Each structure stands twice: as C-alpha cells, then as structure tokens.
Amino acid sequence: MTRTAHQSFDPGLLIIPAFALLILLFVIPLAWFFVGVFAEEEGVSAVMHRFIDVLSAPGIVNALITTNWISAMVTALTLVIGYPIAYYLANNTGWRFALVLFCIIVPYFTSVIVRTYSWMVLLGRNGTINQALLSLGVIDAPLPLLYNKMGVLIGMTYVLLPYMVLTLYATMRGIDSNLVRAAYGLGASPVYTFRKVYFPLSLHGVVSGSLIVFILAIGFFITPALMGGPSDVMIAMLIERAVEITLDWTSAAIMSVALLAMTLVLYVIYYRVTDVRRMMGA
Amino acid sequence: MAQQEVQAAPSHHATDGLGTVSLQRVTKRYGEEAVVDDISIDIRSGEFFSLLGPSGSGKTTTLMMIAGFANVDGGRILVDGVDITTRSPQARGFGMVFQNYAIFPHLNVFENVAFPLRARGAPEADIKRRVGDALALVRLERFADRFSRQLSGGQQQRVAIARAIVFEPRVVLMDEPLGALDKNLRYDMQVEIKEIQRQLGMTVVYVTHDQEEAMNMSDRIGVMNRGRIEQVATPGEMYERPVNTFIGRFLGEANLIEGTLQDVSSAGAILRISHGLVLNAPSASTDLAGKKVHLFIRPERISVSAPPADAARPGTNSVAGQVRRRSFLGNVNRYAVTVGAAEITVDIQNTGGPGFEVGDDVALTWAVADSLVLGS
C-alpha cells in the first residue's frame with residue numbers, strides 16, 4: 001500500500017463489517033418477519049385492528065403488566081443489592097477488589113440456562129435451601145421459592161446483577177474522591193456526605209444501570225419460563241408460544257413490535273441521560 | 001477590593017487570641033520511611049503561616065495530618081490548647097481549600113458555599129445571610145446560580161475560599177490553592193486571599209511550593225525538606241539570614257562561595273578560596289574554624305565596577321573577576337563573574353546604562369555584613 005493510500009484511509013470504514021453484520025442478521029430478518037406477517041392482512045386499517053385486538057386481549061394485557069411489574073421489581077432489587085457491591089469495588093483496590101469483581105463477572109460467562117438450573121436445585125421444594133432450613137428447625141414446611149414470582153425475581157435478579165454493578169461501578173470510579181474529602185473537611189458527617197454528595201454524583205449510574213437492567217428484563221424468556229409459575233407469564237414467553245405452539249405469527253409480530261417500542265423508548269431515555277452526564281462534565 | 005465590600009464582610013474575631021495550632025514532635029511514617037519526621041511548629045492566632053518546600057518534602061502530608069485526613073504516627077496536634085490528634089476531620093472545624101478546588105459539580109455556587117452551614121444544621125435565614133456575605137467578600141454575588149463548569153479557574157478558586165470561610169472557622173487550611181492558575185491570576189489571588197485573611201483575622205495554614213507566593217503572603221514561613229522543618233522565620237528574616245545552604249538556595253538567588261574558614265574571632269573571619277584568594281567573612285561559630293564552609297551573599301548585594309579592585313577595606317570585600325555571562329532580565333542585568341575558580345552571580349538594577357560586556361575585567365564589591373557563613 002502506498003503512502004497516500006495510508007493517509008486517505010478513513011477509520012470510519014472500520015465500522016462497516018459491524019454494520020453489515022447487524023443489518024444482515026438483525027434488521028433484515030426482523031423486517032422480513034414484520035413485512036411477511038402484515039402483508040397477509042388486507043390494508044393498513046386491518047393491521048391496525050389486529051394491533052388493537054391483540055394488545056387488548058386479557059392474556060396479553062396481563063402479560064404486559066406482569067412483565068413490567070417483574071422488570072421493575074428486578075431493577076429495584078439489583079439496585080439495592082448492587083449499589084453496596086459497586087461502592088465496595090469503587091473504593092477498594094488490590095486482591096479484595098479483584099476477588100469481588102471475579103465473583104461478579106465469572107457467573108456472567110456461564111450460560112443462563114446452567115445458572116437457572118443451579119438456582120432450581122437450590123430453591124426447589126426439596127432443594128438445598130429448604131432442606132437446610134427444615135433441618136435447622138427454622139421452618140416446619142418447605143417455603144415456596146420456585147415456580148412463582150419469588151423464583152422469577154431471585155433468578156432474574158441474579159442474572160442481571162452484574163449489569164447493574166458494572167454500570168454503577170463505572171460511574172462511581174468517576175467520582176472525584178477529593179469531593180468526599182472536601183465534604184468531610186467542611187464538617188459534613190459520613191451520612192450527610194453520602195446523601196448530599198456521593199449519592200447525587202452516582203445518580204447517573206443509578207439511572208443508567210436501572211434502564212439497562214429494565215430493558216434487559218422486559219425481554220427475558222428463559223428464567224421466567226423455567227422458574228416462574230403459571231401466572232408469571234412474561235411477554236417474551238407469549239411471543240415464543242405464538243411462534244412455536246399456536247403458530248399465530250401475526251400476534252407474535254404485534255407483541256414483538258410492542259416490546260421493541262418499549263425498548264426503544266427506554267433506550268432514548270437512556271441516551272438522553274448519558275448525554276446529560278456528558279454535559280455535566282462528569 | 002472596594003471599600004464597601006470590605007465593610008460587608010464579617011469581622012468579629014479579629015483579635016480574640018483563638019485559632020492557634022501547635023504541632024508537637026509530629027511524625028508520619030509510610031513503612032520504614034518517615035515522610036514527616038519529628039516536627040514542632042507553633043502557629044499563632046491570626047497568623048498567615050506557610051509550609052514551603054519542594055515536592056516530597058512532607059508539607060502536604062503535614063497539612064493532611066492537621067486536617068485529619070492522615071493519621072499521626074507520633075506526637076500531638078493541639079488547637080487552642082486542645083489535643084485534636086485523633087479527632088475525625090469533620091469534628092475539627094477547620095475551613096479547607098483544596099488543591100483542585102473540589103467544587104461540588106452537582107451544586108450551584110450558592111449551595112456549594114452553603115454546604116458547611118447546612119452540614120451544621122444552620123437555620124435557613126442564617127444561611128442566606130452568611131452565604132451572601134461570603135460571596136460578596138469574594139465578589140461572586142452575581143454568580144450564585146452558576147455551576148462550577150460555568151466558572152473560570154479563578155472564579156472556582158473564589159467559590160472554594162468562600163466555602164471555607166462561610167462558617168467563620170478560626171483556622172483555614174489551604175493546600176496549594178493557586179497551583180492550577182496562571183501566573184498573573186496567581187498574584188491577584190494572593191493579594192485577595194491575604195486581604196480576606198486580614199479582614200477576618202483567621203489563622204491560615206498555607207501549603208505551597210512557590211517561594212514567591214510564600215514570601216508575598218506569609219507572616220511566617222516554615223521551610224520543609226525531606227520531612228523536616230529546616231527553618232521557621234518571617235520572609236525577610238529567612239531571606240536575609242538563612243540557617244543553611246538549602247534555605248539560602250531555595251529562597252531566591254544566592255551565591256554560596258566555597259572555602260576554608262580561618263582566623264575566626266568576634267570581629268570576623270577569613271575565607272580562603274581557590275587560587276590563593278582570600279575573602280573577608282563575618283564572624284561565625286569557632287566550631288567552623290578550619291572547616292569547609294560556604295559564604296552566602298545575595299546577587300543584588302554585590303556591586304560591579306571597572307577594575308582595579310580596591311585594596312580590601314575593613315568591612316568590605318573587593319575582588320577582581322571577569323564577566324562570563326550576561327543575562328538581561330528586564331529589571332536587572334544578571335552577570336556571572338568568575339573569581340578564581342568560583343562563579344559569582346551579580347544582579348545590577350537596570351538603570352539604563354550600558355553595563356558590562358562578556359570578557360570585561362571587573363571588580364566586585366560587597367559589605368561583609370551582607371554576607372553569612374553557612375556550614376556545609
């Protein structure tokens with residue numbers, strides 16, 4: 001390659017393979033699916049009718065409510081559990097930091113199915129936890145930890161926790177430790193400093209992490225399918241059922257559009273939040 | 001600073017005798033190494049005291065121990081006679097100005113300055129009044145709603161100062177507060193900080209590596225080097241009578257002419273330097289007789305004239321030399337003159353004359369009383 005060729009090389013070209021992959025494997029099949037399904041309907045108004053019919057069917061409304069409720073709960077749980085872990089990571093170095101980070105990241109590399117089955121072993125009626133509690137005499141009858149909302153929440157919180165921790169950690173690492181020191185030096189107690197300085201400065205991470213976890217949670221399929229009960233039907237499970245069992249591809253497409261729309265709205269919010277953070281110079 | 005703003009400032013504890021800080025044999029170790037080694041300083045009420053030293057001298061560590069951010073490994077720190085060595089930083093009640101301002105980015109100027117008051121649970125009306133006063137003092141009244149990212153470096157520095165004084169602490173600690181500002185702004189801020197300190201009468205402990213800054217602002221300076229205090233003195237005293245060669249070199253320009261000290265008496269001494277040359281030296285400790293010492297003399301205390309050198313009159317030195325270099329510094333001409341094997345720097349006020357050229361033979365003259373014998 002000549003010198004001029006080197007100079008005229010546009011680094012923007014490097015993104016082309018990624019774009020091509022995305023379009024080939026994601027945009028085209030999705031468009032194919034939607035076009036194929038909706039082309040069978042007669043005209044736009046018919047499609048609109050199908051939309052209203054499908055999205056107002058009681059089963060689907062229930063699934064949407066359940067999906068949002070479970071996602072919100074999981075988001076709250078990952079936040080409550082993840083915040084102290086991220087704080088610990090951001091304020092420790094050396095082997096303690098490495099150990100905690102290892103414990104957070106390694107499960108991340110394991111298949112979701114494997115992790116979910118592991119939880120089922122732990123949580124089942126005759127699972128490890130119930131047997132331990134029974135033999136200790138803490139409880140008289142096994143606790144219902146599996147095949148209900150509790151099971152779904154435990155499983156999903158576990159799977160999504162690393163996303164929350166790592167997002168919070170990234171924000172917390174960016175907090176200037178001099179600001180905390182300044183607050184102490186100016187007479188603020190540790191609690192006051194946390195409430196008025198540290199937490200507000202970590203708020204971007206809280207919002208970003210919550211949005212990421214929520215976005216991932218609303219599309220969850222494996223964990224609620226394996227660990228939930230009959231009433232814990234999430235929207236992704238209905239889509240799968242429509243495609244695989246009832247072969248009602250139109251309903252599947254409509255539910256997919258609804259899910260995609262929700263995700264995009266949340267993504268826009270996420271984008272705005274991170275944009276604001278850039279504006280704040282944090 | 002305008003007169004009216006001066007009067008708007010709170011000035012209630014100018015001379016109440018409080019705000020003394022006493023370091024007694026304070027030591028800080030990191031592993032085996034003592035980064036602050038057995039230092040004792042008594043800082044007076046209302047004094048502007050600077051800790052001056054090169055980086056790694058332990059000055060910032062000393063300030064952090066006073067502030068409570070670094071543990072004291074030996075010795076005690078007293079404030080107004082009360083031992084605070086083991087108190088938490090927030091219980092010490094100092095005002096603090098940090099190196100990179102440490103302005104809270106999520107709070108506006110008003111809330112930043114109000115922070116120490118809110119942390120102490122001050123009533124809202126009180127907060128309004130005091131923040132208003134503090135902002136007036138640093139001339140930032142019109143910037144109360146701004147955020148730090150909307151302020152210049154000098155303005156951020158003013159916010160940091162207002163925040164440190166708003167709760168009227170007896171003692172304010174400042175850690176290289178002007179380090180990030182450019183030179184002209186630095187000088188203005190030095191004057192401004194000094195003015196605020198004079199009005200409020202608080203004690204200031206100020207850390208800097210900039211000797212001009214320390215000399216300009218301080219009532220007294222403590223020069224630190226390798227974890228020890230080398231000298232504590234007023235700027236004038238330290239400049240005129242450094243206790244050792246380190247201080248002499250560190251504060252301003254200095255000639256340190258090496259030689260062997262002889263004939264030490266109460267009237268004076270003789271310094272034998274290279275090439276059989278002999279200089280008159282002031283009286284010194286008899287312990288130094290026969291030893292290698294340095295004769296300390298400031299470049300501006302030496303005069304240059306055309307040769308020949310006068311026969312040395314008592315009380316003066318007059319030696320022949322040759323100009324090796326000439327640097328034009330604007331207000332002064334700086335000559336490097338070789339005398340024997342020694343090179344002596346001389347600053348001559350630029351009064352418009354032609355001066356001397358490189359290669360000229362000259363005579364250097366100075367009063368013995370302006371020089372000082374410093375042990376090696």
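FYI, it's all coordinate maths here, none of it is from the lab. Owing to the predicted nature of the structure, the values given are computational and were not obtained by experimental measurement. Positions of Cβ are backbone-derived with ideal geometry, glycine not excepted, and every protein chain shown enters the neighbour counts.
Look at the alpha carbon pairs under 8 Å that are at least 6 residues apart: their mean separation over the length of chain B gives a relative contact order of 15 percent. Per-residue 3J(HN,Hα) values for the range B:218-228, derived from phi via the Karplus relation 6.51 cos²θ - 1.76 cosθ + 1.60 with θ = phi - 60°, read 7, 6, 9, 10, x, 8, 10, 8, 6, x, 10 Hz in sequence order (x marks Gly and Pro). Dipole of chain A computed with +1 at Lys/Arg Cβ and -1 at Asp/Glu Cβ about the Cα centre; of A:190, A:95, A:111, farthest Cα towards the positive end is A:190.
Give, rounded to the nearest 20 debye, the magnitude of the charge dipole that the protein assembly as shown has about its Cα centre when Lys and Arg contribute +1 at Cβ and Asp and Glu contribute -1 at Cβ.
Roughly 620 debye for the protein assembly as shown.
Protection proxy ranking of B:102-108, A:35-41, by the mean of other Cβ atoms within 10 Å over each peptide's residues and highest first, is B:102-108, A:35-41.
Return the subset of B:28/B:128; B:128/B:194; B:28/B:194; B:59/B:194 for which the Cα-Cα distance in this structure is over 32 Å, preserving the input order. Cα-Cα > 32 Å for B:28/B:128; rest within.
Annotation for the range B:266-316 versus the range A:222-259: alpha-carbon center distance of 99 Å.
In degrees from 0 to 90, rounded to the nearest 10, what is the angle of the helix B:153-165 Cα long axis to the longest principal axis of chain B? So the helix axis and the longest Cα principal axis differ by about 70 degrees. Under 5 Å from the amide H of residue B:230 lie the amide H atoms of B:223, B:224, B:225, each residue being 5 or more positions distant or on a separate chain, with H modelled from the backbone and absent for Pro and chain starts. Panel order for B:243, A:138, by other beta carbons found within 10 Å of each beta carbon, from fewest to most: A:138, B:243.
Placing +1 on the Cβ of every Lys and Arg and -1 on the Cβ of every Asp and Glu, with no other charges, gives chain B a dipole of roughly 600 debye about its Cα centre. First check a/c for chain B, with a ≥ b ≥ c the square roots of the eigenvalues of its C-alpha gyration tensor; if it is under 1.5, answer rounded, and if not, answer prolate when a/b is larger than b/c or oblate otherwise. Prolate.
Legend: mean number of C-beta atoms from other chains within 10 angstrom of residue C-beta atoms, peptide A:173-185, equals 6.
Using helices alone, what [θ] at 222 nm do you get for chain A, with -39,500 (n - 2.57) per DSSP H run of 4 or more residues, divided over all residues and rounded to the nearest 500?
Value at 222 nm, helices only, nearest 500: -24000 deg cm²/dmol.
The distance linking the range B:349-375 with the range A:1-79 is 84 Å (Cα centroid to Cα centroid, whole angstrom). Within chain B, the longest segment free of exposed loop sites, counting GluC sites (Glu not before Pro) that fall outside DSSP classes H, G, I, E and B and have at most 16 other Cβ atoms within 10 Å, spans B:33-252.
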